[in-house]
Amino acid sequence: MDYKTILKDYLGEFGRFQKITAFCMAVIAAPMGFHSLAMAFLAAVPEHHCRLPGVTLPDEHPSAWAAHLSGMNGSVPLELDTSGEWEYSRCQQFNLTDGLNVATENRTLQHCTDGWVYDRSHYGTSIVTEFDLVCDRAWLRETAHAIFMLGFSFGGMVSGVLSDRFGRRPTLLWCILLQLIFGVASAFSHNYVAFVFMRFFLGVLNVGIYFSAFVLGTEILDQSRRTMFGLSMALFLVLGYIGLGVAAYLIREWWKLQLAISAPFAVFLSYWWLAPESPRWLMASGKVEETRKTIKRAARMNGVVIPDKVYDLIKGNITSDKLKDTESAEMIERRVYSILDLVRTPTMRKNTIITAFTWFAINAIYFGLSLGASELPGDPYLNFILGSCTEILAILLAWSTMDRWGRKPPIIASLILAGVSCGATAAVPKDLWQVSTGLATVGRFGVSVTYAILPVYSAEVFPTVVRNMGIGTVSMLARAGGILAPFVALLGEYWAPLPLLTFGILSFLDGVAILALHETLGVPLPNTLEDAENFKSTKDKRTETLLTGKSEEKPTLSLAKIVERVTTL
């Protein structure tokens, strides 16, 4: 007896046990959203200029920035910015040894000798102001986020192994506890290296929590409820983004903000009592007694009574599965698949390359636009919150269209929309910043639609025998896109619209590349490499039938229909 039968015949497919567990697993995505995009505010870059020796007010004084601006004339050179306008240099000053009587064109320039003064009217403090990550040290800011994304990649591998080996529940609980510890500790980092070290482990633990909670929530539900659960978890993640924007608006000191987004994990320590272990994992792992306890707990919460014979059948089923696993292991040894099988044949090679490019591009664009939302013209907090709100609409649109129109049309349309929107910002004048911000928000909406559909589409493209390997490979490349995303922002130092233009071109090319993949809606999943090579979508088969007048499908009679016809004779 398997867990699916127990749900259908005894526990109930969506009782109190499933509802509470699914809600607990989905709601934990919200504080994860805090940390995922926290660098948008923890590493915010305020206006800054070289500190002048004549200004003695402390940086936190309300009049410090105004006093600094009034004293820059004759001490800081003017230079053209990326939009072609003159502004005071942020990274250079006149050599003070030249004297004020020397003509401006004859004075020599030097880098800031006494540090920088920052405009604290918007952000208060950030790690940029704390560790002076500007000018020739600006790349360290992008490196901090890249290391966080590297932690994401490492955490995806480690958490999967630990979850399969020790269970979903202990992996989730340990990740929650360590996330709280490292999150609080990072708020008291007194140097850049310590902060980056903490951020790496926060990335590892963040993705560990997400994968463990997602798998646990999926495995306790019936198949008909899994789409709803996946949608709910994605929505809570976006609510976390919105909550981050609100918290950053209210808390302008970076270390206090870090404490605020880490504190909620203390509440989730209650999962020691609330979170059950996955019954499917317990049964697959041969843990008879633990399976019995979990099923009894579920039955008690759902208000049902399960006969003792059911537990005997579970025990017998677990014993039988162990024998089958031994036989299956012997069969698997006869054919071991490797990563080369992803590119060995023409169709598999095409599918792997296009899917990998899509994952890489989408992650680069998604994190680039999400982290850059606070740097768009206008109020940084409002831009970030509105951009996050568009993701809610994107998720709802994605899940309402992918089962009606297929996977390809929404992905292609949303990518082209994102490409055109981001690319169009290059033609918008600087004084029309509202238009640029609106176009960037539309671009983020388009990418978010693809971001919601792509995991399902990718799983349907790869055949069963290499599906996990294929998803794992493209996920690794996706993290590479996330790592490179913040460095694209540095292109803005040469031309302000260049980062958004880069994302626009990448998105448009990705939309064109998807045209080469098959539609998978309503088509059985390919199981073998041969199935993938001969894969034809329903639309392809229908087109071939219209052109040739022939159909590959042969009429078949089920056993039930045969019996019915015989009995009517």
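The values are calculated or read from the model by the stated rules, or taken from the named source; none is laboratory data. From a predicted model like this one, the values you see are computed outputs, not experimental measurements. Cβ: placed from backbone, ideal geometry, glycine included. Neighbour counts: every protein chain shown.
Observations, loosely collected:
- Tally of residues being polar (S, T, N, Q) and either in contact with a Phe, Trp or Tyr (Cβ under 7 Å, 6 or more places away or on another chain) or at pLDDT below 65 (or both) across the range 293-316: 1
- Filtering the range 269-294 to residues that are among the β-branched types (Val, Ile, Thr) and farther than 23 Å from Gly160 by Cβ leaves only Val288.
- Verdict on Leu37 being buried (at least 18 other Cβ atoms within 10 Å of the Cβ) and farther than 15 Å from Gly240 by Cα: no
- Restricting Val488, Val512, Val474, Val447 to those that are modelled with pLDDT of 80 or more and under 22 Å from Leu150 (Cα atoms) reduces the list to Val447.
- Spans of helices (runs of 4 or more DSSP H) in the range 111-188 with at least 3 residues surrounded by fewer than 22 Cβ atoms within 10 Å (Cβ to Cβ), of a type in the set (Gly, Ala, Ser) and at pLDDT 90 or above: none
- Checking Leu269, Leu259, Leu274 one by one, the residue that is surrounded by fewer than 22 Cβ atoms within 10 Å (Cβ to Cβ), farther than 28 Å from Ala40 by Cβ and in the same structural domain as Leu42 (by TED's automatic domain parsing) is Leu274 and no other.
- Residues satisfying the stated conditions in the range 233-286, i.e. farther than 20 Å from Ile220 by Cα, of a type outside the set (A, V, I, L, M) and in a helix (DSSP H, G or I): Gly240, Tyr241, Gly243, Gly245, Tyr249, Trp254, Trp255, Lys256, Gln258, Ser262, Pro264, Phe265
- Screening the candidates Pro31, Pro46 for the property of being in contact with a helix residue (DSSP H, G or I) (Cβ under 8 Å, 6 or more places away or on another chain) and either at pLDDT below 85 or in a helix (DSSP H, G or I) (or both) yields one hit, Pro31.
- In the range 515-545, residue modelled with the highest pLDDT [restricted to those that are among the aliphatic types (A, V, I, L, M), within 20 Å of Ser414 (Cβ to Cβ) and surrounded by 13 or more Cβ atoms within 10 Å (Cβ to Cβ)]: Leu517
- Qualifying residue in the range 366-376 (condition: buried (at least 23 other Cβ atoms within 10 Å of the Cβ) and without any contact (Cβ under 8 Å) to a residue 60 or more places away in the chain): no
- Taking every residue in the range 405-416 that is closer than 11 Å to Tyr457 by Cβ and assigned by TED's automatic domain parsing to the domain that holds Gly443 and pairing it with any residue that is outside any helix (DSSP H, G or I) and among the charged types (D, E, K, R), at least 6 positions away or on another chain, the pairs with Cβ-Cβ distances below 7 Å are Gly406/Glu519; Arg407/Glu519; Lys408/Glu519.
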